[in-house]
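S.K.: Mind looking over this structure? Questions follow.
Bear in mind that the values in this text are calculations on the coordinates, not laboratory data. These numbers come from a predicted model, not from an experiment. Positions of Cβ are generated from backbone atoms using ideal geometry, with glycine treated the same way; all protein chains shown enter the neighbour counts.
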């Protein structure tokens, strides 16, 4: 039985309920721009997967940004590629390199061998979720046990996982995965079916373990052509969303567990993404928030969308650009008294080169200006 | 005095005039996927700039794809970065690397020192334009001197040049150029003013030398945030377009010289780009051509937008995807008898790994199906 949340602003905004201010969290908020993150990582042998697979370390780094900044949500420290790793593809992170799979999926035999992995192989993730959720507990001023902020679980989207599974690593041009897509769409659909089933089970297990919201990172959806995006990415994300548990016994007031879908470069397909069943759509910085809000109407809340590079500018510019994002969305209250939801975030993960002081400025500016917007006549 | 064009389908489509079929050319059509290109490049010491600065070699490689495929336009063989090179920034291409500048522009002094370069330093480009135009001349069946297809000149956009000038090379995250943009917008605007004046003069000199259309490659416009794109990219592209010579004495019937603007990742801003004064807007493969056509109305013709990765699939898939692009645009004739313009192209440069046989299939499919669309009831 989990305790009530002290700060449920994030969940309320996801569900388009009234909030006192615009909640804020940052993609990759637990990461290399924080010296304390680097220190924990050294304890784990300077290995990313060493961190992610150790429940204690994963818990520690997840909470680090919350101890520095008054962020409105925590996000599980993990990688989007844990699922294909559990499928037996052999994930590794070379020094200074991106992820790499020892056994990429490139032919009919490799596709035929794919299956939804035994979730026991991902036990370390679910254990981390529960551990983080416990670590987020605190005592309020009246001595009651409360949760500080909600915990977000996540996975890569079926298409994004497939990109890495076929390419075997990151790619400039996605030549191998697109060659497969255009040459053997039957094999690509088979990979995506397996991935969709695996991601659904994976996210549901995170929800069972204590995740209070889940996010699907369709990091590479934006590299697809119009038409191909709908058939090879969005259709499978939709399957995942449809298969999610949306309430959990004992959850606060049986509140719905929101699902966020974020397609980097997905601006051209916002209208279709907004109808995929998610509660929230994440936007990168190329999208005009005000126009996006008009387009999605009451279908979803929106999350985003500051260019992370703004955080390399001086404090005054950081505050100015943060205000511009809030103003672009506008007051979340509609004239008819209902509310639209906005969760402030970056349009992509925070850069490792960011000075944490800029994040302090950002969080302060977002909270202050969004409170002021609500009280303005 | 240049001769009449044998095939002006490309120019007609740019100007939204009736055509018998949809004209086709490919970004980077003279390039490493052609064995004959590699052979010429070896003659030039396997150096990209060795090719681009030698009028004879530049002419040779420009014509190579036209001798293989019945393409409807030629494009000058050159690089988008010739202008900052002429500004004294020291362009080089390392083996297997992208472009690099020896003297990047990163501080106030470097910005103050920037100036529109002496166009004489770019004489090799204008000489190549004239040489290619001459080489495109042939004799028709009645023994008359004619031009085979139009020649397109080009430049990088002011913003795209600025990216390379500040970063000093390609970049994953555009951290340096965006830091300057957000920290010192005054310096960024100064760079862009110089670039806009330089690009305008450069394109006009190409037009004087014989270019029959010009294209502005805003290759990195899509990395900007909404708002920043308009102020730091599109506003300066608009200046360039406004400053172009649009007719040249002796040009066929005084026909307007079309200008194409291509912003990779520019889908979210299509409506604004379509009003920048260009005749044609280039689209990458994320954009739905049919919806784009509706949006731009009679403002511009559209160019694009096949995913270049389609060319890694078998012939049947190449033909099918080409037909899908044509069908997405639809019949260019409107019900009221006027015409919209579509120029078939890839949504990005052709990959060096492409089999030229797939290009044969593509060109044939585009020409055949687009003729059939016009004659259909």
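S.K.: Per the Kirkwood formula on distinct C-alpha pairs, the Rh of the range B:132-268 is how many angstrom?
M.R.: One decimal place: 16.3 Å for the Kirkwood radius.
S.K.: Where a ≥ b ≥ c are the square roots of the eigenvalues of the C-alpha gyration tensor, would you call the range A:58-187 rounded, which needs a/c under 1.5, or, failing that, prolate if a/b is larger than b/c, or oblate?
M.R.: Prolate, because a/c is 1.5 or more and a/b exceeds b/c.
S.K.: Using only helices, what value at 222 nm comes out for the protein assembly as shown when you add -39,500 (n - 2.57) per DSSP H run of length 4 or more and divide by the total residues, to the nearest 500 deg cm²/dmol?
M.R.: -12000 deg cm²/dmol
S.K.: State the three equivalent ellipsoid semi-axes of the protein assembly as shown, derived from the C-alpha gyration tensor as the square roots of 5 times its eigenvalues, in descending order and whole Å.
M.R.: With the √(5λ) rule applied to the protein assembly as shown, the semi-axes are 48, 28, 25 Å.
S.K.: Note down the relative contact order for the range A:226-377 as a percent, whole number, built from C-alpha pairs under 8 angstrom at least six residues apart.
M.R.: 20 percent
S.K.: Could you work out which residue, out of A:20, A:85, A:127, moves most in a Gaussian network model of chain A, that is, has the largest mean-square fluctuation with Cα springs under 10 Å?
M.R.: A:20
S.K.: Then there is this: Between the range B:151-225 and the range B:247-322, what is the C-alpha centre distance in whole Å?
M.R.: The two parts, judged by their Cα centres, are 19 Å apart.
S.K.: Let me ask you something else. Given the protein assembly as shown, what percent of its DSSP beta bridges are antiparallel, to the nearest 5?
M.R.: So the antiparallel bridges amount to about 25 percent of the total.
S.K.: So the label point sits 7 Å from Cα along the Cα-to-Cβ vector; using that for residue B:315, what distances do you get to the other copies, in nanometres, sorted shortest first?
M.R.: Here residue B:315 shows inter-copy label distances of 6.8 nm.
S.K.: Mind pulling the angle between the C-alpha long axis of helix B:55-68 and the longest principal axis of chain B? Nearest 10 degrees, somewhere in 0 to 90.
M.R.: It works out to around 30 degrees.
S.K.: If we count other beta carbons within 10 Å of each Cβ, what is the order of A:82, B:40, B:237, fewest first?
M.R.: Fewest-to-most Cβ neighbours within 10 Å comes out as B:40, A:82, B:237.
S.K.: Kindly state, as a whole number, the per residue volume in cubic angstrom of the convex hull around the alpha carbon atoms of the range A:114-178.
M.R.: 122 Å³
S.K.: If you don't mind, another one. For a quick check: sort A:176, B:203 by the number of other beta carbons within 10 angstrom, fewest at the front.
M.R.: A:176, B:203
S.K.: Can you give the mean number of other chain Cβ atoms that lie within 10 Å of the Cβ atoms in peptide A:309-315?
M.R.: 6
S.K.: Also, I was wondering about something else. Calculate, in whole percent, how much of the Cα-Cα pair population of the range B:230-344 lies beyond 21 Å.
M.R.: That tail contains 45 percent of the Cα-Cα pairs.
S.K.: Under a plain spin-label model, where a point goes 7 Å from the Cα along Cα-to-Cβ, how far apart in nm are residue B:368 and residue A:336?
M.R.: 5.3 nm
S.K.: Determine the equivalent ellipsoid of the range B:141-214 by diagonalising the alpha-carbon gyration tensor, then write out the semi-axes as square roots of 5 times the eigenvalues, largest first, rounded to whole Å.
M.R.: Over the Cα atoms of the range B:141-214, the semi-axes work out to 37, 14, 6 Å.
S.K.: Give the angle, between 0 and 90 degrees and rounded to the nearest 10, that separates the Cα long axis of helix B:315-329 from the longest principal axis of the Cα atoms of chain B.
M.R.: Approximately 80 degrees, to the nearest ten.
S.K.: In addition: How far apart, in nm, are two points set 7 Å out from the Cα along the Cα-to-Cβ line at residue B:375 and at residue A:142?
M.R.: Reported label-point gap for residue B:375 and residue A:142 is 8.3 nm.
S.K.: Here's another thing I want to ask about it. Classify the range A:39-92 as rounded, prolate or oblate, taking a ≥ b ≥ c as the square roots of the eigenvalues of its Cα gyration tensor: rounded when a/c is under 1.5, otherwise prolate if a/b is larger than b/c and oblate if not.
M.R.: Cα axes put the range A:39-92 in the oblate bin.
S.K.: Using a 7 Å offset from Cα along the direction of the beta-carbon, what are the separations from residue A:186 to the same position in each other copy, nm, ascending?
M.R.: Between copies, matching label points for residue A:186 lie 6.6 nm apart.
S.K.: Please compute the Kirkwood hydrodynamic radius over the range B:19-110, one decimal place, Å, based on all pairs of different Cα atoms.
M.R.: Computed over Cα pairs of the range B:19-110, the Kirkwood hydrodynamic radius comes out at 14.8 Å.
S.K.: Label-point separation (nm) for residue A:355 and residue B:6, each offset 7 Å from Cα along Cα-to-Cβ?
M.R.: Here the answer is 6.3 nm between the modelled labels.
S.K.: Over the Cα atoms of the range A:67-118, what Rg and Dmax result, in angstrom?
M.R.: 15.7, 50
S.K.: Hey, another quick one. Which whole number of Å³ per residue matches the convex hull of the alpha-carbon atoms in the range A:193-271?
M.R.: Expressed per residue, the convex hull around the Cα atoms of the range A:193-271 is 89 Å³.
S.K.: A further question follows. Please work out whether the range A:247-314 counts as rounded, prolate or oblate from its C-alpha gyration tensor, where a ≥ b ≥ c are the square roots of the eigenvalues and a/c under 1.5 means rounded, while otherwise a/b larger than b/c means prolate and anything else oblate?
M.R.: In terms of gyration-tensor shape, oblate.
S.K.: Still on this structure, please answer the following. If you fit an axis through the alpha-carbon atoms of helix A:185-209 and take the longest principal axis of the Cα set of chain A, what angle between them do you get, 0 to 90°, nearest 10?
M.R.: So the inclination is approximately 40 degrees.
S.K.: Quick check on chain B: of the DSSP beta bridges with both residues there, what percent are antiparallel, nearest 5%?
M.R.: If we restrict to bridges inside chain B, about 25 percent are antiparallel.
S.K.: Then there is this: What relative contact order, as a whole-number percentage, does the range B:36-152 give when Cα pairs under 8 Å and 6 or more residues apart are counted?
M.R.: Relative contact order comes out at 28 percent.
S.K.: Taking chain B as a Gaussian network, Cα atoms linked when under 10 Å apart, which of B:232, B:93, B:154 shows the biggest mean-square fluctuation?
M.R.: In the Gaussian network model the winner is B:93.
S.K.: How big, on average over all directions, is the shadow cast by the Cα convex hull of the range A:304-377, in nm²?
M.R.: With every direction weighted equally, the projected area is 4.9 nm².
S.K.: Between the label point of residue B:243 and that of the same position in each other copy, find the distances and list them shortest first in nm, with every label point placed 7 Å from Cα along the Cα-to-C-beta direction.
M.R.: 5.7
S.K.: In whole percent, what relative contact order does chain B give with Cα contacts below 8 Å and a gap of six or more residues?
M.R.: Relative contact order comes out at 21 percent.
S.K.: Now a separate question. Provide Rg and Dmax in Å for the range A:1-58, with only Cα atoms included in the calculation.
M.R.: For the range A:1-58, the Cα radius of gyration and maximum Cα-Cα distance read 16.0, 45 Å.
S.K.: Report the dimensions of chain A along its three principal axes from the alpha-carbon atoms, largest first, rounded to Å.
M.R.: 63, 44, 44
S.K.: May I pose another question? Of the candidates B:98, B:282, B:170, which one comes out as most mobile in a Gaussian network treatment of chain B with C-alpha springs shorter than 10 Å?
M.R.: Most flexible of the set in this elastic network: B:98.
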